[in-house]
Amino acid sequence: MNFMYIAMFFSAFCRCATGVVFLISFGSKVRDIAQFQRSIVAFRLLSRKLSNTAAILFLGGELAVVLLLLGGGELLLPGFMLALLLLIIFSIALASVIVRKLHISCNCFGSSDQQVTVVDVWRNVGLIVCVLAGYSTTSWSQGSGRILGLGEWLLAAISALLLSLLWLQLSNIVQLLAGDQSSSTKQI
């Protein structure tokens with residue numbers, strides 16, 4: 001195996017992982033847009049009217065990331081950049097909730113009773129690393145003229161799906177390992 005092949009595989013992995021995360025996020029929020037809008041209001045960063053507008057823009061951005069990554073080719077780098085921008089905004093919002101000691105739910109991947117914790121920020125940092133790795137390996141390997149085979153794509157997609165689903169449960173995993181079951185039952 002040469003370095004170009006590894007970069008192409010890692011690009012495919014990051015593309016799939018990022019796409020899965022944003023698809024899950026979009027799908028869970030679009031089922032109850034009103035709840036997502038209430039969540040943004042609860043963060044107390046924007047007025048109610050701006051929060052409602054932001055909710056629609058975030059949903060559109062998440063869908064755009066999925067579509068850009070699915071489109072591939074010249075759309076990949078803008079897709080990774082949009083994903084990076086959204087993750088940075090989400091991370092800043094989560095960090096501000098922690099700093100201001102607000103006791104609210106993240107609702108990052110649909111309706112949830114779990115309060116925002118530093119683990120949510122670390123989850124996003126991990127996703128940001130994945131997006132940056134995807135951007136880097138994609139920009140480096142684009143134009144090489146080589147493509148991955150079906151088996152390689154399946155391996156990248158399945159491993160990305162499994163790791164993404166696991167990573168999205170980071171807060172629950174940390175709670176389980178810490179033996180802290182009580183915080184998962186707290187209400188807002």
Item to complete: Among the candidates Phe90, Phe109, single out the residue that is at pLDDT below 90, within 24 Å of Ala42 (Cα to Cα) and aromatic (Phe, Trp, Tyr).
Response: Phe109
Fill in: Condition met for Arg44 (in contact with a Lys or Arg (Cβ under 8 Å, 6 or more places away or on another chain) and either among the basic types (Lys, Arg) or not in a helix (DSSP H, G or I) (or both))
yes
Worksheet entry | Among the candidates Val99, Val131, residue that is β-branched (Val, Ile, Thr) and touching a residue at least 40 places away in the same chain (Cβ under 8 Å) | Val131
Worksheet item: Which of the residues that make up the stretch 118-158 are of a type in the set (Ser, Thr, Tyr) and over 16 Å from the mean Cα position of the chain (by Cα)?
Response: Ser136, Thr137, Thr138, Ser139, Ser141, Ser144
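The values are calculated or read from the model by the stated rules, or taken from the named source; none is laboratory data. Bear in mind that the values here come from a model prediction, so they are computed numbers and not experimental data. Glycine also receives a Cβ, built like all others from the backbone with ideal geometry; neighbour counts cover every protein chain displayed.
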